[in-house]
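Enquirer: Got a structure here, written out as structure tokens. Questions coming.
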Amino acid sequence: FSLPGAFAPTCSSTHLPGYEAAYEEMKSLGVDEVYCLSVNDAFVMRQWGLKQGLTEDKTVGANGFEKVKLIPDGACQFTRGMGMSCNWDTERGFGERSWRYSAVINDMKVEKIFIEGGGITQNSGPDPFEVSDADTMLEYLKSKDD
Amino acid sequence: MLLRRCSALVFGFAAVASGFSPVASSPFGAPRTSASKTALSMSAEVEVGSKLPDVVMKEGQADYGKPADVKLLDLVKGKKVAIFAVPGAFTPGCSKSHLPSFITAQDDLKSKGVDLTVCVATNDAYVMEAWGRTSGGADAGIVFLSDADASLTRGLGLAIESDVMVRSKRYSLIADDGVVTHYFSSAKESSDTWAPNVLSSL
């Protein structure tokens, strides 16, 4: 799942914590890994994970944290490639960022994607958070599990 | 030291410039050409005697409150202030050396008449607030301002342009009622911008 900013309100209070709490359940439903992306640099991203109370995994080759793995898309390459790049200049003082969405990727293909608001709004006033949350994702995973 | 770190931060530029054509979603259109980059960073580098640019910055609030606008010239009006900028909140040099040096130096700065210390970076206001709060800087009385639109940084001629995120060069300065009286560049040594060097010239 991808979000506009590390340390930002909804991202910190609800989006990431929801997935962190649902991590084990998602894995039991066949998900191999859960990644959280944001257009931030690696230093900010790691500190955010630590401040959010994620448990660090310092094993060499591990992705930094035990459950949800944080991926800093600092140069925005993945986000642009997904067509999810947007800006929030005047509304939040954000530059180029990721629009909020979640997706299930199966063998490198997008199996399912939940895009907030159905699509990107540039410099959006509202910061919608309705479909990319962990509960919606769990419902989807369970429906596929049958 | 500074250049190496910056090249790591802008590593994505060359790859993206090869033309990702990111659908209609990129607000920037084509990646910035070198001509437009030059135009944007045209402000000459700040020097003693320069007036601080008249810009509005953002200050993050506790508990995810909406960041507040801060008009820089109002903040520094009638005061002697220290302003120091870092390329990135939470990055090693900034967090281990530059900021701590100013935390330690607060009493000494005040005894030299520096009423206020401001820390600037082009990170967003949420990141700056978190860094200030978790680093001890805010408790020490340092004001953390976000220059996310780089208006201050470019106005001082100290921007590191990049396709993804403009960063500030590392610097420190003293301004008296909005006019720069001392300027410390990191061009030779990062440590020239740390508090001890600033104090020794006051």
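Enquirer: Working only within region A:103-130, note down all residues that are among the small types (Gly, Ala, Ser) and surrounded by fewer than 16 Cβ atoms within 10 Å (Cβ to Cβ).
Expert: A:Gly118, A:Gly119, A:Gly125
Enquirer: Looking only at region A:36-68, filter to residues that are under 30 Å from B:Glu161 (Cβ atoms) and among the aromatic types (Phe, Trp, Tyr); which one of those is nearest to the other protein chains (Cβ to nearest Cβ)?
Expert: Among those residues, the one meeting the criterion is A:Phe43.
Enquirer: Could you check region B:138-158 and list, in sequence order, the residues that are within 13 Å of chain A (Cβ to nearest Cβ) and acidic (Asp, Glu)?
Expert: B:Asp147, B:Asp149
Enquirer: Within region A:96-126, how many residues are of a type in the set (Val, Ile, Thr), more than 14 Å from the chain's Cα centre (by Cα) and assigned to a strand (DSSP E or B)?
Expert: Residues that pass the stated criteria total 1.
Enquirer: Considering region B:168-182 alone, what residues qualify as being more than 10 Å from the chain's Cα centre (by Cα) and surrounded by fewer than 22 Cβ atoms within 10 Å (Cβ to Cβ)?
Expert: Matches in region B:168-182: B:Asp176, B:Asp177, B:Gly178, B:Val179, B:Val180, B:Thr181, B:His182.
Enquirer: Can you spot a residue in region A:20-28 that is surrounded by fewer than 20 Cβ atoms within 10 Å (Cβ to Cβ), among the aliphatic types (A, V, I, L, M) and away from chain B (no Cβ under 13 Å)?
Expert: yes
Enquirer: Only one of B:Met165, B:Met128 is within 12 Å of another protein chain (Cβ to nearest Cβ), closer than 21 Å to B:Gly88 by Cβ, modelled with pLDDT under 95 and surrounded by 23 or more Cβ atoms within 10 Å (Cβ to Cβ). Can you tell me which?
Expert: So the residue among B:Met165, B:Met128 that is within 12 Å of another protein chain (Cβ to nearest Cβ), closer than 21 Å to B:Gly88 by Cβ, modelled with pLDDT under 95 and surrounded by 23 or more Cβ atoms within 10 Å (Cβ to Cβ) is B:Met165.
Enquirer: Another one. Among the helices (runs of 4 or more DSSP H) contained in region A:1-95, which hold 1 or more residues that are among the aliphatic types (A, V, I, L, M) and at pLDDT 95 or above?
Expert: A:16-28, A:42-51
Enquirer: Pairs please, first residue from region A:69-86 and facing chain B (nearest Cβ under 9 Å), second anywhere and of a type in the set (Lys, Arg) and part of a strand (DSSP E or B), Cβ atoms under 9 Å, 6+ apart in sequence or on different chains.
Expert: What qualifies is A:Cys76/A:Arg97; A:Thr79/A:Arg97; A:Ser85/A:Arg97; A:Cys86/A:Arg97.
Enquirer: Being surrounded by fewer than 17 Cβ atoms within 10 Å (Cβ to Cβ) and small (Gly, Ala, Ser) narrows it down to one residue among B:Gly141, B:Gly137; which is it?
Expert: B:Gly141
The values are calculated or read from the model by the stated rules, or taken from the named source; none is laboratory data. None of the values given here were measured: they were computed from a predicted structure. All Cβ positions, glycine included, derive from the backbone under ideal geometry; neighbour counts span all protein chains shown.
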